[in-house]
Amino acid sequence: MSQIALITGATSGFGAACARRFAAHGWTLILCGRRQDRLDALRTELAATVPVHAFPLDVRDETAVNAAIAALPIEFAEVDLLVNNAGLALGLEPAQRCDMEDWQRMIDTNIKGLLYCTRAILPGMVARQRGHIINIGSVAGSYPYPGGNVYGATKAFVKQFSLNLRADLLGTRVRVTNVEPGLAESEFSLVRFKGDRDKADQTYQGTQPLRPEDIADIVYWAATCPAHININRIEVMPVGQAFAPFAISRDG
Ligand code: NDP
Ligand code: 8X3
């Protein structure tokens, strides 16, 4: 029987690439995101290959998340894999100049949205004694960088929450993985710089970043390891990205 994957943020980047990768391997798909036109296009593209249930969803809306999961058609209801991918960074300003609304939106999406989806799906997985939650974290959850302030903190939450889920789920056969990518080209920077295409393009200029398809390959691999294996964390960067030395202020 075909396995069922629910992918949040399937309208772009990693989420859309995951949808295509899992469809290519015959998985039944549940796809959501806020942009209806993108969802329609993806459903049209993939529904010829596999069953697809797609619906608009803002993961920040707890009531809507719970309603959408409760209303899953019977043939989609037993979710085997939740890919908590929906997320965003907003701004790259130092903390003292950040917009509080940006901080709240990142917390509401990257932390609370991920929690709403996880909490809605998890009881079914535990009852069935099978399932896998793959969270999309970030290297920003482990390494600080200027301007990473709240975005990195949300991803640090995702990392620790993933590990703590493992502790709670011991004995249930439900798996949890945190995938932690570095620089990857998608709409991420366009969103971070609020539609400023030049700034977004500069992020990737002269580099060979990770591609959404690279992340989809990693997610698919983690999801299809033998059932007795749990990949806890995967940290991945492009070869052309590494670490900087500690910064030191020499102002006396
Ligand atoms: P994209 O901007 O290309 O995709 C983000 C996706 O998240 C979109 O499909 C968007 O859909 C969805 N999304 C955003 N907010 C919401 C919301 N409130 N409700 C539902 N869906 C939402 O970026 P990426 O593919 O790069 O990002 C995917 C994940 O990967 C994010 O969690 C990001 O933090 C993480 N990441 C990205 C890295 C990168 O360098 N690109 C590196 C490390 C991690 P829509 O707008 O239609 O709602
Ligand atoms: C996205 C990667 O380095 O821009 O999570 O924070 S980074």
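The values are calculated or read from the model by the stated rules, or taken from the named source; none is laboratory data. Given the structure is predicted, the values throughout are model-derived calculations rather than measurements. Cβ: placed from backbone, ideal geometry, glycine included. Neighbour counts: every protein chain shown. The area values use the complete protein model at the heavy-atom level, side chains included, leaving out ligands, DNA and RNA. Shrake-Rupley method; radii C 1.70, N 1.55, O 1.52, S 1.80 Å.
Report, please, the projected area of region 1-70 averaged over directions, based on the convex hull of its C-alpha atoms, in nm². Walk me through the numbers on the way to the answer.
Numbers: hull surface 17.8 nm².
Projected area, direction-averaged: 4.5 nm².
Under a point-charge model restricted to the Cβ atoms of Lys and Arg (+1) and Asp and Glu (-1), what is the dipole moment magnitude of the chain relative to its Cα centre, in debye to the nearest 20? Kindly include the intermediate steps, with their values, before the conclusion.
Working: 25 positive and 26 negative charges, 105 e Å.
With only Lys, Arg, Asp and Glu charged at Cβ, the dipole is about 500 debye.
5 Å is the cut-off here: which amide hydrogens, built 1.01 Å from N in the peptide plane, fall below it relative to residue 54, excluding neighbours closer than 5 in sequence?
Excluding prolines and chain starts, which carry no amide H, the hits are 31.
Provide the convex hull volume over Cα atoms per residue for region 88-234, in Å³. Don't skip to the end; give the middle numbers.
Numbers: hull volume 16.4 nm³, N = 147.
Spread over its residues, the Cα hull of region 88-234 gives 112 Å³ apiece.
Could you bin all the Cα-Cα distances of the chain into 5 Å bins starting at 0 and give me the percent of pairs in each, rounded to whole numbers?
Calculated over all Cα pairs of the chain, the distribution is 1, 6, 13, 18, 20, 17, 12, 7, 3, 1, 1, 0, 0, 0 percent.
Using the Cα atoms of region 155-252 to build a convex hull, what is its mean projected area in square nanometres?
Values: hull surface 38.8 nm².
Answer in nm², one decimal: 9.7.
For region 60-213, what does the accessible surface come to per residue with a 1.4 Å probe? Please give it in Å². All intermediate terms of the calculation are to be shown ahead of the outcome.
On the way: 7450 Å² over 154 residues.
Spelled out: the 1.4 Å probe surface of region 60-213, per residue, equals 48 Å².
For the chain, give the percent of accessible area contributed by carbon and sulfur heavy atoms, probe 1.4 Å, rounded to a whole number. Each step should come with its number before you reach the end.
On the way: 6880 of 12700 Å².
Accessible surface attributable to carbon and sulfur in the chain totals 54 percent.
For region 45-147, divide the Cα radius of gyration by the Kirkwood radius and give the resulting Rg/Rh value with two decimals. Before the final figure, lay out each step's value.
Numbers: Rg = 16.4 Å, Rh = 15.7 Å.
Reported Rg/Rh (Cα atoms, Kirkwood Rh): 1.05.
Just to be sure I understand the rule: take each whole DSSP H helix in the chain, project its Cα atoms onto its long axis, keep it if the span is 18 Å or more and its mean Kyte-Doolittle hydropathy is at least -0.5. Which ones pass?
On the way: long enough: 114-128 (21 Å, 1.01); 149-169 (30 Å, 0.06).
For the chain, where a helix must reach 18 Å along its axis and average at least -0.5, the hits are 114-128, 149-169.
Any idea what % of Cα-Cα pairs in region 119-160 are farther than 12 Å?
Numbers: 540 of 861 pairs.
Here the long-distance tail beyond 12 Å is 63 percent of all Cα pairs in region 119-160.
Please compute the contact order of the chain in relative form: average sequence separation of alpha-carbon pairs under 8 Å and at least six residues apart, divided by the residue count, as a percent. Working shown, then result.
Values: 458 pairs, mean separation 49.0, N = 252.
For the chain, the relative contact order is 19 percent.
Show that you can apply the helix-only estimate: for the chain, add -39,500 (n - 2.57) for every DSSP H stretch of four or more residues, divide by all residues, and state [θ] at 222 nm to the nearest 500.
Numbers: 9 runs with 100 residues, N = 252.
Taken over the chain, the calculation gives -12000 deg cm²/dmol.
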